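First the structure, in the form of structure tokens, and then the observations on it.
The values are calculated or read from the model by the stated rules, or taken from the named source; none is laboratory data. Note that this is a predicted model, so its numbers are computed, not measured. FYI the Cβ positions are ideal-geometry reconstructions off the backbone, even for glycines, and counts take in every protein chain you see. Accessible surface areas use protein heavy atoms only, side chains included; no ligands, DNA or RNA. Shrake-Rupley method; radii C 1.70, N 1.55, O 1.52, S 1.80 Å.
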Amino acid sequence: MSESATHVSSGKVREIYALDDDRLLLVASDRISTFDVVLPTEIPDKGRVLTGLSGFWFAQTASIVPNHLLALGADGRSTECRRLEMLPIECVVRGYLAGSGWKDYGTTGEVCGHRLPPGLVESDRLPEPIFTPATKAQTGHDENIDRAAAVALVGEERYDQAERLTLELYRFASERARERGIILADTKLEFGVDREGRLVLADEAFTPDSSRFWPADAYEPGGAQPSFDKQFVRDYCESLGWDKTYPGPELPVDVVDGTRGRYVDAFERLTGIEFADYLARPDVVLG
Ligand code: PZK
């Protein structure tokens with residue numbers, strides 16, 4: 001890493017450092033969380049898979065929207081990026097009914113003010129993808145909000161721009177993923193504003209940590225779907241009867257290896273690039 005980077009913030013599994021006034025370094029660790037708890041065992045190369053996937057999607061979507069990526073680190077797990085003024089909302093798009101969307105639908109028949117058809121079952125595909133913004137909670141869970149609440153936070157013009165771009169980016173990535181056997185059920189994007197006032201895609205994009213990836217060949221609406229990446233970890237944790245509070249359990253080597261294989265498989269399917277080639281030369285994902 002760079003000589004004089006100062007640590008500015010920590011996510012559950014990532015860190016941000018300031019390089020100078022205009023540039024940040026995002027570093028993705030190999031830590032994994034399940035049921036909202038970071039486990040004591042790491043998944044080797046997970047951070048590299050997520051960094052490579054984000055870089056790939058930033059390059060692939062640059063004609064749709066500018067992004068914050070300046071360079072990928074030679075270590076494969078760090079991203080040098082432009083420092084932006086981040087929007088105070090999470091830009092979530094859902095193509096399928098899962099997680100808090102499924103919960104809200106069951107309670108109200110709506111998700112973030114979108115009235116949905118009656119009779120949908122868990123994990124159903126929606127008639128069309130919906131934009132479902134959320135607040136950024138400092139602690140605890142993000143809260144789904146409707147258009148009016150989001151407009152109050154970012155203004156109408158920014159809201160409409162973020163909604164349009166989020167839906168267009170989701171259409172692009174979910175089509176490519178579906179062709180490669182992965183359903184992108186939903187995803188969370190983050191935008192910032194640059195000095196010229198332009199909206200810029202930031203953070204990570206279309207990774208398994210920011211999206212629900214489902215194996216298409218196992219898709220069966222009417223219940224929760226297996227996770228493409230974390231299912232072995234969840235199944236193992238469930239088998240222990242762990243109460244899902246800190247601290248989480250250590251993972252056995254077969255669960256670690258199987259999970260690493262799933263992350264690498266997702267990377268290779270989505271990018272069409274061998275993961276070993278990425279490790280040798282991270283810039284391969286930039287095309
Ligand atoms: C920024 N986060 C979330 C990400 C963490 C926390 N380009 C940018 N400019 C200014 N701020 C951010 C970004 C980006 N991306 C993103 N917080 C601030 C986050 C990674 C690790 F701990």
Axial C-alpha extent at least 18 Å, average Kyte-Doolittle at least -1.0 - helices from the chain (DSSP): 46-60, 253-271
For the chain, built as a Gaussian network whose Cα springs stay under 10 Å, the top-fluctuating residue of Y236, Y105, Y17: Y236
Shape category assigned to the chain from the gyration tensor of Cα positions, a/c cut at 1.5: rounded
Charge dipole magnitude, Cβ of K and R +1, D and E -1 - the stretch 6-105, Cα centre, debye nearest 20: 260 debye
Positive-end residue of L116, S63, P88, charge dipole of the chain with Cβ unit charges: L116
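So if I place +1 on the C-beta of Lys and Arg and -1 on the C-beta of Asp and Glu, and nothing else carries charge, what would the dipole magnitude of the stretch 89-185 be about its Cα centre? I want it in debye, nearest 20. Each step should come with its number before you reach the end.
On the way: 12 positive and 16 negative charges, 59 e Å.
About 280 debye.
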Relative contact order (%) - criterion: Cα under 8 Å, at least six apart; region: the chain: 22 percent
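Using a 1.4 Å probe over the heavy atoms of the protein chains, calculate the carbon and sulfur portion of the accessible area of the stretch 1-155 as a whole percent.
Values: 3600 of 7200 Å².
On the stretch 1-155, the fraction of accessible area on carbon and sulfur atoms equals 50 percent.
Treating only the Cβ of Lys, Arg, Asp and Glu as charged (+1, +1, -1, -1), what charge dipole size does the chain show about its Cα centre? Round to the nearest 20 debye.
Values: 32 positive and 49 negative charges, 49 e Å.
That gives a dipole near 240 debye.
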Nearest-10 value in Å² for the accessible area of R23, using the 1.4 Å probe: 80 Å²
Residue order for S29, S4 - accessible surface, 1.4 angstrom probe, largest first: S4, S29
Residue-averaged [θ]222 nm for the chain, counting only DSSP H segments that reach four residues, each worth -39500 (n - 2.57): -10000 deg cm²/dmol
Solvent-accessible area per residue for the chain (1.4 angstrom probe, square angstrom): 47 Å²
Prolate/oblate/rounded call for the stretch 91-133, Cα gyration tensor, a/c under 1.5 rounded: rounded
Area accessible to solvent at L201, 1.4 Å probe radius, in Å²: 0 Å²
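State, as an integer percentage, the relative contact order of the stretch 123-213 based on alpha-carbon contacts under 8 Å between residues 6 or more apart.
Working: 82 pairs, mean separation 16.4, N = 91.
It comes to 18 percent, rounded to a whole number.
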Set of lysines with alpha-carbon distance to K46 below 20 Å, sequence-local pairs under 8 removed: K12, K188, K230
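What's the whole-number percent of alpha carbon pairs in the stretch 98-169 lying beyond 17 angstrom?
47 percent
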Ordering of 145-157, 168-180 by packing [mean C-beta count within 10 Å, highest first]: 168-180, 145-157
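Tell me whether the stretch 189-250 comes out rounded, prolate or oblate; compute the Cα gyration tensor, take square roots of the eigenvalues as a ≥ b ≥ c, and use a/c under 1.5 as the rounded threshold. Kindly include the intermediate steps, with their values, before the conclusion.
On the way: a/c = 3.87, a/b = 1.80, b/c = 2.15.
Oblate, since a/c reaches 1.5 and b/c is not below a/b.
How large, in percent, is the carbon and sulfur part of the accessible surface of the stretch 159-255 at a probe radius of 1.4 Å?
Numbers: 2090 of 4490 Å².
Of all accessible area on the stretch 159-255, carbon and sulfur atoms account for 47 percent.
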Estimated distance in nm for a label pair at K12 and F35, the labels positioned 7 Å out from Cα along Cα-to-Cβ: 1.3 nm
